[in-house]
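The structure under discussion appears below in the form of structure tokens.
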Amino acid sequence: MLNQINLTEIDTSQAPPEEETKRQYYFIAKCRESVAKLQKEAGRPLTFHVQTFGCQMNARDSEKLVAILEEIGYQQTEEEIADFVLYNTCTVRENANQKVYGHLGYLKGEKKKNPYMMIGLCGCMMQETKVVEKIRESYSFVDLVFGTHNIFKFAELLYSRLQSSSMIIDIWDGTEQIVENLPSERKFPFKTGVNIMYGCNNFCSYCIVPYVRGRERSREPKAILREVEQLVKDGVVEVMLLGQNVNSYGKTLPTPMTFAQLLREVEQVEGLKRIRFMTSHPKDLSDELIEVMASSKKICKHFHLPLQSGSSRLLQDMNRHDTKEQYLALVEKLRTAMPDLSITTDIIVGYPGETEEDFEETMDVVRKVEYDSAFTFVYSQRSGTPAAKMEQVPEEVVKERFNRLLTEVNEISKRRTGRLEGTVQEVLVESINAQDASFVTGRLENSTQVHFKGTEEEIGTFRKVYLKEAKGFYYLGEEVAE
Ligand code: SF4
């Protein structure tokens, strides 16, 4: 745990402090007292389970929610049936919503059997008014509902629920606040995500994120650097700088700073070995960023550059503020500066109004750029977004195009991924291999996975590995002596 205030020094008989970080630690202490009483009553430790849906921003938020629940005295379990179950939801596609309702249905019966059981919902899906109405009406057994803007208030909201017997709902339309130094429990001891900004101002026509994550606000560079320095002291060697659009970092700061300037600062942190970042919007990709990346020893030579569509007509409709030509020119600049750069992307198939010609433009970009890999999505109608009101492309047409795209992307990816076969590369070992415990799994700088014989002690360390064989999307390797 980092930057932690000592809970035993907090006088919970006093009124809660005003300063937000201290206030939340106060409520962590209050919850701790309540949960201790419940555990005594139950005669056993109370458990919690946090399930995260969606993106790395959500995963990072869940690391904070897990840490707060641990501080309160709950014990984490991988079992979905726990005394406190929290779903950190996503709403970027409709099926994400359906998944959550499915899980809630499953918990309803379980809750009847356990008087100590509580259920919480947070994250992007809860920012949708009609969803909260549905929870209130059809899932009244849920105990706590909060959104993306007040994640930091979790302990305070949980304390309110522990003091009452009715559902607590607290959804904010937005916030300017960025609350620092709350507890956080990293999933991996050697790598973690670091938020550099929240929200998005781009309003791409198909995307619900600006409506559920609010306006862009950047963290102070000092706070980011302090966090990275602390993380490195704590054993972290790789950070992923996170934002919906990291390229517009710093615009809202009292003293503006560019993302490239921030990267230069982060690069200076002694002991940090690898820097990654996600996600970059092509329209804000600067020459300065390309230069900083190309001259850096720590910034990984992997660039995730969402395309969405290769058709300039459709990109305009999507409100992406870039064209096919501009995108290809950016890729050329990136490849000129870093010839062996790994480029990955996001592509949507079936955006309303997409014609066969538009789709062929997408395929043309895919063939020209030769992505190491691509996240390919079927367009999902998100109510409240401009695109949702447009005429939808017939499902069977979308499916057929999606399959064509997938075939092309996978073929190119296999070829691209094989290019390092027969070379020795540095791998950060991340885990024991899921299929064979005598193997470990790690990642190259360009994020490609490598499996090779190894032991648990190697997790979190860098190894020199001979890439013996490319296997489509990963390598089989052999460790070589340093
Ligand atoms: S840049 Fe566009 S696609 Fe990305 S989060 Fe913002 S609105 Fe959504």
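Computed quantities for the displayed model
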quantity: Which listed residue is at pLDDT 95 or above and in contact with a His (Cβ under 9 Å, 6 or more places away or on another chain), from LEU341, LEU328; calculated: LEU341
quantity: Some residue of the range 219-241 being more than 16 Å from the ligand (Cβ to nearest atom), closer than 30 Å to ALA387 by Cβ and not acidic (Asp, Glu); calculated: yes
quantity: Single condition THR423 does not satisfy, out of (1) surrounded by fewer than 17 Cβ atoms within 10 Å (Cβ to Cβ); (2) in contact with a Pro (Cβ under 8 Å, 6 or more places away or on another chain); (3) closer than 28 Å to PHE188 by Cβ; calculated: (2)
quantity: All helices (runs of 4 or more DSSP H) inside the range 189-301 with 1 or more residues being under 19 Å from the mean Cα position of the chain (by Cα); calculated: 209-213, 221-233, 259-267
quantity: Answer from THR279, THR252 - the residue that is within 16 Å of the ligand (Cβ to nearest atom), open to solvent by 10 Å² or more (accessible area, probe 1.4 Å) and touching an Asp or Glu at 6+ places or on another chain (Cβ under 7 Å); calculated: THR252
quantity: LEU242 being modelled with pLDDT of 95 or more and more than 22 Å from ASN201 (Cβ to Cβ); calculated: no
quantity: Residue match in the range 370-379 (condition: more than 29 Å from ASN201 (Cα to Cα) and under 27 Å from the mean Cα position of the chain (by Cα)); calculated: yes
quantity: The lone exception for THR192 - which of (1) away from the ligand (no atom under 12 Å from the Cβ); (2) out of contact with any Leu (no Cβ under 7 Å at 6 or more places or on another chain) it fails; calculated: (2)
quantity: Residue pairs meeting the criteria (Cβ under 7 Å; at least 6 apart or on separate chains; first open to solvent by less than 100 Å² (accessible area, probe 1.4 Å), in the range 262-276; second among the hydroxyl-bearing types (Ser, Thr, Tyr)); calculated: LEU262/TYR249; GLU267/SER296
quantity: Failed item in (1) open to solvent by 20 Å² or more (accessible area, probe 1.4 Å); (2) basic (Lys, Arg); (3) within 29 Å of PHE188 (Cα to Cα); (4) part of a helix (DSSP H, G or I), with ARG44 passing the rest; calculated: (4)
quantity: Filter pass, THR258 being within 25 Å of THR323 (Cα to Cα), more than 16 Å from the ligand (Cβ to nearest atom) and open to solvent by 30 Å² or more (accessible area, probe 1.4 Å); calculated: yes
quantity: Matching entry among GLU430, GLU469, GLU445, GLU457 (being under 22 Å from GLY235 (Cα atoms) and in a strand (DSSP E or B)); calculated: GLU430
quantity: Unique residue being farther than 14 Å from ILE343 by Cβ and open to solvent by less than 60 Å² (accessible area, probe 1.4 Å) when the list is ARG416, ARG401; calculated: ARG401
quantity: Any hit, the range 292-302, residues being closer than 30 Å to GLU354 by Cα and within 16 Å of the ligand (Cβ to nearest atom); calculated: no
quantity: Hits in the range 218-249 - residues which are of a type outside the set (D, E, K, R), farther than 22 Å from GLY54 by Cα and without any contact (Cβ under 8 Å) to a residue 40 or more places away in the chain; calculated: none
quantity: Residue check for GLU411: touching a Cys at 6+ places or on another chain (Cβ under 6 Å) and open to solvent by 40 Å² or more (accessible area, probe 1.4 Å); calculated: no
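Residues are listed down the side, and each one gets a yes or a no for (1) surrounded by 20 or more Cβ atoms within 10 Å (Cβ to Cβ); (2) assigned to a loop (DSSP other than H, G, I, E, B); (3) more than 16 Å from the ligand (Cβ to nearest atom):
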residue	(1), (2), (3)
GLN316	no, no, no
HIS321	no, yes, no
LYS333	no, no, yes
PRO339	no, yes, yes
ILE348	yes, no, no
GLU360	no, no, yes
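For (1) open to solvent by 20 Å² or more (accessible area, probe 1.4 Å); (2) at pLDDT below 95, each residue gets a yes or a no:
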position: LEU158; (1), (2): no, no
position: ASP170; (1), (2): yes, no
position: GLU180; (1), (2): yes, yes
position: SER205; (1), (2): no, no
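Quick grid of which residues meet (1) of a type outside the set (A, V, I, L, M, F, W, C); (2) surrounded by 22 or more Cβ atoms within 10 Å (Cβ to Cβ); (3) out of contact with any helix residue (DSSP H, G or I) (no Cβ under 8 Å at 6 or more places or on another chain):
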| site | (1), (2), (3) |
| --- | --- |
| VAL92 | no, no, no |
| HIS103 | yes, no, yes |
| LYS112 | yes, no, yes |
| TYR116 | yes, no, no |
| GLY123 | yes, yes, no |
| GLN127 | yes, yes, no |
| TYR139 | yes, no, no |
| LEU162 | no, no, no |
| MET167 | no, no, no |
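The values are calculated or read from the model by the stated rules, or taken from the named source; none is laboratory data. Everything quoted here is computed from the prediction, not taken from an experiment. Positions of Cβ are backbone-derived with ideal geometry, glycine not excepted, and every protein chain shown enters the neighbour counts. The protein model used for the area step is the full one, side chains on, heavy atoms only, and it has no ligands, DNA or RNA in it. Shrake-Rupley method; radii C 1.70, N 1.55, O 1.52, S 1.80 Å.
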